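Student: This is the structure, below, for whatever I ask next.
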Amino acid sequence: MKQQNVDDVVRLLCLYLCVMLLFSNKANSVNWSYVHYMEDLEKVKEYDWASAVSKYLLESIHKNHRDISQLKGSSILLLYFLCEHTNLVEVKTANRVPRLLKWKISDLRKSLKDFTHLSQLADDKVHNTNLEETADEKKIFGALCAIDGGKREFSGQQQHEEVQPMLTDNDTEATAALVLLGKKEDEICEEEEQQKYEIHVGEEDEICGHHGDEVQVFAEQKQNEVKVCTEQEKDKVEGNLSNLYGLNDFNSSSQPSLHLDSFGTTQETDSGTTLVPNTLSTEEAQETDSGTTLVPNTLEQPSDHAMEVIDKLKKQIETLQQEKKNLEIENMEIRQKNEEALQSHKDEIEKLNSKLEEAQGTNEVHQVTQQATANKIKRLQKEKEELENKLLSIIVHQVTQDYAPKIDAEGKAKKQESPTSRILRVKERDDRKKEKESKARKLKRLGGQIDMTELINTNAWAKIQQLWKEGKANAAVWHVASQILCVEVSDIQNLLFEDPLSSRVMDSYAYVLMQDHLGAQPRFDLSTPQPKSFIFPHYLRLVIENKSAKQVNQTLQKQVDKALPARFFLFSILFQAHWTLLVLDKEQCKWKFYNPLRIRHGTDGYCGATDNLRKVIAEYINSQTRQMLNIKITEEVEIVKNSPQQSSGSVDCGIVVISIIMKYMMNESQTSAITTDECRKIRADLIHTFLK
Amino acid sequence: MPEPKKEKTHVTVKVQRQHAVDVFIRVRLDLPLRELKLAYCNRLGLDCDAVRFTYNGSRIHDHETVSDLKMEDGDVVDAWYDVLSG
């Protein structure tokens with residue numbers, strides 16, 4: 001068999017012993033902590049197994065004294081303890097090694113029949129003497145210790161556990177001693193948590209406070225013991241079981257190393273207490289509960305001093321922590337301030353950047369708009385020149401056409417003409433040429449050079465701007481309540497921008513012109529002045545359509561009767577979004593039709609739209625004035641060929657009609673042409689009239 | 001005994017407009033014609049401020065009534081839109 005296998009069997013047996021007998025628990029399972037101690041078989045015997053077993057048992061009793069079924073550990077030891085300290089069981093063979101062979105344990109049951117509590121035991125049955133090592137034991141343990149004589153050095157942690165107050169005079173003291181033992185060996189109890197441990201300490205202090213003195217005594221004797229131990233090292237080889245210790249690893253330099261006292265020396269130094277063979281060492285405890293075990297081992301006096309120091313240190317720590325917190329708070333505040341300042345700076349920078357960008361953007365926009373307007377002006381000027389040229393050519397063409405029929409007629413009559421008539425014709429031709437040239441010159445001179453805005457005075461401008469600010473396009477600028485006539489802002493805008501003329505403006509301006517005309521007429525008596533010309537509203541043409549004869553008659557009575565004294569009846573005609581003018585010359589019994597866009601070929605549809613009007617008006621006038629003037633008005637109409645024409649592409653037909661009406665009202669002769677500038681002047685006059 | 005003639009209280013007028021359907025409206029004699037204008041404009045969904053009404057070539061004032069203008073059954077009232085033209 002290999003040596004390793006043998007060792008393994010030994011280890012397993014040892015573990016079995018631990019589990020089944022020494023450290024038995026309910027589950028019969030092996031705690032891993034024991035395996036660790038079995039690694040080195042040579043060291044196994046150096047551990048203080050006795051104290052460990054005792055402590056384990058006492059700890060378990062302490063924990064589970066209310067419920068014995070939960071008890072762990074080697075409980076049979078309690079019986080032998082009882083046997084050792086009482087006379088209950090007769091000692092059959094004294095001085096047996098090991099001691100448990102001294103008694104037949106089954107006898108204990110018989111002898112304990114009469115007792116329910118140990119306290120009922122009589123004093124004479126209890127041994128008050130200390131345990132003493134027998135001669136045989138000394139021999140055996142001495143032999144054992146001789147083997148390991150070289151390993152007598154102990155770590156300092158063992159010092160307070162070398163001496164155990166084990167024996168007492170009575171049972172109560174014995175239990176107290178047991179408890180104390182448990183206290184001293186707390187650290188060995190492997191699984192206990194530190195909290196529980198502390199609780200145990202507290203409880204045990206209450207229970208056996210008087211033992212603290214004993215411990216103190218031990219502590220004071222420590223130095224002496226050390227000395228004794230070192231000097232009489234060899235003599236103490238005959239020590240008890242507690243001399244079985246080792247673990248050279250635990251020779252810590254912080255505490256003085258000690259040699260274990262012999263049983264005899266301690267007896268000599270301290271008569272009040274005795275040493276127990278089952279003393280414990282802390283090697284196991286250190287291995288099982290590293291770190292926590294050493295603290296309770298310190299003596300109480302130094303611990304008090306240390307506690308004071310610790311308290312001081314704690315206070316210092318607290319003050320330092322407070323200072324630290326204050327500093328941290330200050331730091332935080334400073335950081336916050338810095339961050340705020342940074343943010344404000346950033347905001348300012350962003351604002352400045354945005355302003356810069358806006359300024360750049362506006363500059364760019366200005367430049368672009370300026371360029372665009374310059375280009376637009378150039379383009380418009382070009383267009384204007386082209387249009388003027390076109391207009392000139394159109395007028396020239398028109399003049400030539402006007403005279404074309406005459407020429408034809410002359411050509412026909414030429415054959416029959418006399419020489420005198422030929423002279424006249426030549427003269428007429430010369431006159432025509434002159435007239436044509438003068439017209440062309442005039443047109444060229446008066447080409448659209450004037451800007452619309454220059455024609456409007458400052459007051460009107462101020463009013464226009466104010467109206468634009470108000471922003472109400474439908475607001476009335478000028479109105480006559482009695483006639484329900486009004487002019488709105490949009491109409492002024494249309495006039496200003498050379499847009500089409502609305503019917504409101506036409507009727508309103510007609511009303512204004514009529515008022516002026518009436519005011520300008522000479523008065524010969526107190527009666528109302530007799531107008532020379534009369535302007536009818538544009539809707540008269542439509543009013544007389546689709547009406548009963550009776551209603552038409554009523555309408556005409558209302559509208560025409562007041563105009564009868566006048567010579568010229570002016571009918572502004574609105575047909576298919578185009579302004580034309582129909583004029584009745586009552587003296588000459590002639591209808592004249594002015595069309596700003598004269599139709600050169602074919603019939604004029606705009607003129608045809610006035611057929612009904614002409615017929616109705618003629619009939620009415622004839623019926624009203626026949627007896628007085630003995631005239632008869634026909635429906636025949638003359639389309640005026642040299643009526644002023646609006647420039648091509650423009651929407652000035654309404655303005656042209658107004659200009660014609662104005663000439664009639666002013667009793668001026670009609671011109672055959674109107675320029676763009678003249679149209680603009682009329683628009684400006686209208687604006688001034690309505691914005692007065 | 002001949003029955004006494006009932007006094008006429010209402011007049012039915014026709015409102016006509018270019019390019020629109022004629023609308024007949026029965027108006028009480030003493031009702032201001034503003035109501036007629038509103039009724040017509042509401043019927044056709046027009047803006048009342050933009051429409052002009054004329055009777056026999058004269059504009060109709062809001063406060064005038066049928067009896068003021070001596071309207072009769074079947075009389076025609078003209079409605080106009082102001083038109084831009086050029």
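The values are calculated or read from the model by the stated rules, or taken from the named source; none is laboratory data. The structure presented is a predicted model; accordingly, all values stated were derived computationally and were not measured. Cβ sites come from the backbone with ideal geometry, for glycine too, and all protein chains shown count toward neighbours. Heads up: the accessible areas ignore ligands, DNA and RNA and are worked out on the full protein's heavy atoms, side chains in. Shrake-Rupley method; radii C 1.70, N 1.55, O 1.52, S 1.80 Å.
Student: So for the stretch A:462-472 (the condition being modelled with pLDDT of 75 or more, under 27 Å from A:Gln670 (Cα atoms) and assigned to a helix (DSSP H, G or I)), does at least one residue qualify? I'd like the intermediate steps shown before the answer.
Tutor: The initial filter retains those residues of the stretch A:462-472 that are modelled with pLDDT of 75 or more, namely A:462-472.
Going one step further and asking which of them are under 27 Å from A:Gln670 (Cα atoms), we end up with none.
No, the stretch A:462-472 contains no residue that is modelled with pLDDT of 75 or more, under 27 Å from A:Gln670 (Cα atoms) and assigned to a helix (DSSP H, G or I).
Student: Among (1) open to solvent by less than 70 Å² (accessible area, probe 1.4 Å); (2) under 20 Å from A:Phe23 (Cα atoms); (3) not acidic (Asp, Glu), which single condition is A:Leu77 missing?
Tutor: Among (1) open to solvent by less than 70 Å² (accessible area, probe 1.4 Å); (2) under 20 Å from A:Phe23 (Cα atoms); (3) not acidic (Asp, Glu), A:Leu77 violates only (1).
Student: While we're looking at this one, here's another question. Residue by residue through the stretch A:553-593, note down the ones that are touching a strand residue (DSSP E or B) at 6+ places or on another chain (Cβ under 7 Å) and within 19 Å of A:Arg504 (Cβ to Cβ).
Tutor: A:Gln559, A:Leu570, A:Phe571, A:Ser572, A:Ile573, A:Leu574, A:Ala577, A:His578, A:Trp579, A:Thr580, A:Leu581, listed by residue number.
Student: State the number of residues belonging to the stretch B:75-86 that are in contact (Cβ under 8 Å) with a residue 24 or more places away in the chain, facing another protein chain (nearest Cβ under 7 Å) and of a type in the set (Gly, Ala, Ser). Explain how you work it out, then say what you get.
Tutor: At the first step, the residues of the stretch B:75-86 found to be in contact (Cβ under 8 Å) with a residue 24 or more places away in the chain are B:75-82.
From what is left, the residues that are facing another protein chain (nearest Cβ under 7 Å) are B:75-76, B:78, B:80, B:82.
From what is left, the residues that are of a type in the set (Gly, Ala, Ser) are none.
Matching residues across the stretch B:75-86 total 0.
Student: Among the residues of the stretch A:533-551, write down those that are open to solvent by 20 Å² or more (accessible area, probe 1.4 Å) and of a type in the set (A, V, I, L, M).
Tutor: Selection gives A:Leu542, A:Ala549.
Student: So, B:Glu72, is that one charged (D, E, K, R) and either in contact with a Leu (Cβ under 8 Å, 6 or more places away or on another chain) or more than 30 Å from A:Asp561 (Cα to Cα) (or both) or not? Walk me through how you get there before you give the answer.
Tutor: Numbers: charged (D, E, K, R): yes; either in contact with a Leu (Cβ under 8 Å, 6 or more places away or on another chain) or more than 30 Å from A:Asp561 (Cα to Cα) (or both): no.
Criteria not met by B:Glu72.
Student: Right, something else. Where in the stretch A:1-47 are the helices (runs of 4 or more DSSP H), entirely inside, with at least 2 residues that are within 24 Å of A:Ile76 (Cβ to Cβ) and either among the aromatic types (Phe, Trp, Tyr) or in contact with an Asp or Glu (Cβ under 6 Å, 6 or more places away or on another chain) (or both)?
Tutor: Working: elements: A:3-17, A:32-37, A:41-44.
Where helices (runs of 4 or more DSSP H) fall fully within the stretch A:1-47 and carry at least 2 residues being within 24 Å of A:Ile76 (Cβ to Cβ) and either among the aromatic types (Phe, Trp, Tyr) or in contact with an Asp or Glu (Cβ under 6 Å, 6 or more places away or on another chain) (or both), they are A:32-37.
Student: Also: Quick one: would you say B:Tyr40 is within 11 Å of another protein chain (Cβ to nearest Cβ) and out of contact with any Lys or Arg (no Cβ under 6 Å at 6 or more places or on another chain)?
Tutor: Here the answer is no, as B:Tyr40 does not meet what is asked.
Student: Sticking with this structure for a sec: For the stretch A:496-512, give me the residue count where each residue is within 11 Å of chain B (Cβ to nearest Cβ) and of a type in the set (A, V, I, L, M).
Tutor: Let us first name the residues in the stretch A:496-512 that are within 11 Å of chain B (Cβ to nearest Cβ), namely A:498-508.
Filter once more, so that each one left must be of a type in the set (A, V, I, L, M): A:501, A:505-506.
The qualifying residues number 3.
Student: So, in the stretch A:548-575, how many residues would count as being assigned to a loop (DSSP other than H, G, I, E, B), within 13 Å of another protein chain (Cβ to nearest Cβ) and farther than 28 Å from A:Gln401 by Cβ? Don't jump to the end; show me each part of the working.
Tutor: Step one: list which residues in the stretch A:548-575 are assigned to a loop (DSSP other than H, G, I, E, B), which gives A:548, A:564-567, A:575.
Of the ones still in play, those that are also within 13 Å of another protein chain (Cβ to nearest Cβ) are A:548, A:575.
Okay, now just the ones that are also farther than 28 Å from A:Gln401 by Cβ, so A:548.
Going through the stretch A:548-575 one residue at a time, the tally reaches 1.
Student: Scan the stretch B:46-69 residue by residue and report those that are away from chain A (no Cβ under 11 Å) and within 30 Å of A:Leu495 (Cβ to Cβ).
Tutor: The answer is B:Leu46, B:Cys48, B:Val51.
Student: May I ask you to list the residues in the stretch A:451-464 that are open to solvent by 100 Å² or more (accessible area, probe 1.4 Å) and of a type in the set (S, T, N, Q)?
Tutor: Applying the first criterion (open to solvent by 100 Å² or more (accessible area, probe 1.4 Å)) to the stretch A:451-464 yields A:454, A:458-459.
Passing the criteria: A:Thr458, A:Asn459.
Student: For the subset of the stretch B:1-27 comprising residues that are among the β-branched types (Val, Ile, Thr) and touching a strand residue (DSSP E or B) at 6+ places or on another chain (Cβ under 7 Å), which member is modelled with the lowest pLDDT? Outline the logic, then answer.
Tutor: First, the residues of the stretch B:1-27 that are among the β-branched types (Val, Ile, Thr): B:9, B:11-13, B:15, B:21, B:23, B:25, B:27.
Those still in the list that are touching a strand residue (DSSP E or B) at 6+ places or on another chain (Cβ under 7 Å) too: B:9, B:11-13, B:15, B:23, B:25, B:27.
On the way: B:Thr9: 86, B:Val11: 89, B:Thr12: 91, B:Val13: 90, B:Val15: 91, B:Val23: 90, B:Ile25: 91, B:Val27: 90.
Checked the stretch B:1-27; the qualifying residue modelled with the lowest pLDDT is B:Thr9.
Student: For the stretch A:466-482, name all the residues that are over 18 Å from B:Val83 (Cα atoms) and within 13 Å of chain B (Cβ to nearest Cβ). Before the answer, list the steps.
Tutor: Keep residues of the stretch A:466-482 that are over 18 Å from B:Val83 (Cα atoms), which gives A:466-472, A:480-482.
Scanning the stretch A:466-482 gives A:Lys472, A:Val480, A:Ala481, A:Ser482.
Student: Which of the numbered conditions does A:Ser69 fail, given that it passes all the others? Conditions: (1) without any contact (Cβ under 8 Å) to a residue 60 or more places away in the chain; (2) open to solvent by less than 70 Å² (accessible area, probe 1.4 Å); (3) not in a loop (DSSP other than H, G, I, E, B).
Tutor: The single condition A:Ser69 does not satisfy is (2).
Student: Given the residues B:Thr12, B:Thr54, which is the only one that is out of contact with any Ser or Thr (no Cβ under 8 Å at 6 or more places or on another chain), surrounded by 13 or more Cβ atoms within 10 Å (Cβ to Cβ), among the polar types (S, T, N, Q) and more than 21 Å from A:Tyr539 (Cα to Cα)?
Tutor: Numbers: B:Thr54 fails: more than 21 Å from A:Tyr539 (Cα to Cα).
Criteria check complete, one pass: B:Thr12.
Conditions tested, residue by residue: (1) more than 14 Å from chain B (Cβ to nearest Cβ); (2) closer than 16 Å to A:Asp507 by Cα.
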residue: A:Gln645; (1), (2): no, no
residue: A:Ser648; (1), (2): no, no
residue: A:Ile655; (1), (2): no, yes
residue: A:Met662; (1), (2): yes, yes
residue: A:Asn667; (1), (2): yes, no
residue: A:Ser672; (1), (2): yes, no
residue: A:Thr675; (1), (2): yes, no
residue: A:Leu686; (1), (2): no, yes
residue: A:Lys692; (1), (2): yes, no
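Student: Looking at (1) out of contact with any Pro (no Cβ under 8 Å at 6 or more places or on another chain); (2) open to solvent by 20 Å² or more (accessible area, probe 1.4 Å); (3) within 9 Å of another protein chain (Cβ to nearest Cβ); (4) within 26 Å of A:Asp491 (Cα to Cα), can you tell me which one B:Glu72 breaks?
Tutor: (4)
Student: Return the residues of the stretch B:15-51 that are surrounded by 14 or more Cβ atoms within 10 Å (Cβ to Cβ) and either in contact (Cβ under 8 Å) with a residue 60 or more places away in the chain or of a type in the set (Asp, Glu) (or both); say none if nothing qualifies.
Tutor: B:Val15, B:Gln16, B:Arg17, B:Glu35
Student: Here is a check on your reading of the model: is A:Glu435 modelled with pLDDT of 60 or more, out of contact with any Gly (no Cβ under 7 Å at 6 or more places or on another chain), open to solvent by 50 Å² or more (accessible area, probe 1.4 Å) and farther than 20 Å from A:Val640 by Cα? Steps first, answer last, please.
Tutor: On the way: modelled with pLDDT of 60 or more: yes; out of contact with any Gly (no Cβ under 7 Å at 6 or more places or on another chain): yes; open to solvent by 50 Å² or more (accessible area, probe 1.4 Å): yes; farther than 20 Å from A:Val640 by Cα: no.
Here the answer is no, as A:Glu435 does not meet what is asked.
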